[in-house]
């Protein structure tokens, strides 16, 4: 048994197809198939149920693949630790981020990362939060930007910033004449939300529950941009995270944005999360500091920003 064979098994478990697994491992299909059979012979149990058009792992195969993922991840971390011992700032970081944050946050922070770590190779993975957590736990990601809290004792979460929500309404909506609104005023409205699986949907539902508001069930969007266009088309109103309405995001002329003005101002807490066992922990703390140093103006609508000679608003921590 060798590391190469374990990688073949992990690839087969992921792709459920010998051809695609072989392509992912850059070997021929007969080579991968032969090595899997040798692994089965060595372990003394079948790992794969072979059918003409489908590959399924046996119970023993699923357990072996799970253990193999952990072994492969540990070896990769060992290699990365060795590389970082030579030059901590010139390695590779695989960073996960969820879709309702990535396109709006990264333009503000990538230039600072490139300037601070010019030799760093940053590999970005955009997925829904549950998939990011799975990839983080099995070692396929080094860190992930996620909404807090994250309940896992094996993971370290470093708070980065608190991102307020705003209400997006069509220009023709009665609320468009308002500069802002209290949270409880949402109880009179039904909101457009994302479909299941998006963490922003769960966050928006929490706000709805606090406000006594309802979802508009006849429509669920697949992306934040779809929500934005539906508001512009006068389909309804929605909640938007603050970074999604800041330049360089192009703004629709048909949308009016309202901040919350009452004592309760809904927001989401964003953190960088990595495994406590990671050899990259000290470097990831340095990387997190670049996200923590984002300008305060990004977290306020133009009308809410203090004048330049005033003390800037402080984010919650």
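The values are calculated or read from the model by the stated rules, or taken from the named source; none is laboratory data. Computed from a predicted structure; not experimentally measured. Quick reminder, even Gly has a Cβ in these numbers, built from the backbone with ideal geometry, and neighbours come from all protein chains shown.
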When the residues of region 189-198 are filtered to those that are in contact (Cβ under 8 Å) with a residue 60 or more places away in the chain and buried (at least 19 other Cβ atoms within 10 Å of the Cβ), which remaining residue is farthest from residue 100 (Cα to Cα)?
194
In the set 6, 12, 95, 47, which member is crowded, with 20+ Cβ neighbours inside 10 Å, in contact with a strand residue (DSSP E or B) (Cβ under 6 Å, 6 or more places away or on another chain) and touching a residue at least 24 places away in the same chain (Cβ under 8 Å)?
95
In region 242-261, how many residues are in contact with a strand residue (DSSP E or B) (Cβ under 8 Å, 6 or more places away or on another chain) and part of a loop (DSSP other than H, G, I, E, B)?
2
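Restricting to region 290-312, and then to whatever is in contact with a strand residue (DSSP E or B) (Cβ under 9 Å, 6 or more places away or on another chain) and in a loop (DSSP other than H, G, I, E, B), can you tell me which residue is modelled with the highest pLDDT? Quick ask: steps written out before the conclusion?
Narrowing region 290-312 to residues in contact with a strand residue (DSSP E or B) (Cβ under 9 Å, 6 or more places away or on another chain): 291-292, 294, 298-301, 303-304.
Right, trim to in a loop (DSSP other than H, G, I, E, B) and you get 294, 300-301.
On the way: 294: 95, 300: 89, 301: 86.
Per the stated criteria, the residue is 294.
Return yes when residue 91 is in contact with a helix residue (DSSP H, G or I) (Cβ under 8 Å, 6 or more places away or on another chain) and modelled with pLDDT of 95 or more and no when it is not. So that I can check it myself, show each step before the final result.
Details: in contact with a helix residue (DSSP H, G or I) (Cβ under 8 Å, 6 or more places away or on another chain): yes; modelled with pLDDT of 95 or more: no.
The answer is no for residue 91.
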Among residues belonging to region 199-241 that are surrounded by 17 or more Cβ atoms within 10 Å (Cβ to Cβ) and part of a loop (DSSP other than H, G, I, E, B), point out the one that is modelled with the highest pLDDT.
236
Mind counting the residues in region 1-42 that are under 18 Å from residue 66 (Cβ atoms), more than 31 Å from the chain's Cα centre (by Cα) and part of a helix (DSSP H, G or I)?
4
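Scan region 166-186 residue by residue and report those that are surrounded by 13 or more Cβ atoms within 10 Å (Cβ to Cβ) and part of a helix (DSSP H, G or I).
Result: 175, 176, 183, 184, 185, 186.
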Considering 143, 157, 168, which residue is over 29 Å from residue 233 (Cα atoms) and in contact with a helix residue (DSSP H, G or I) (Cβ under 7 Å, 6 or more places away or on another chain)?
143
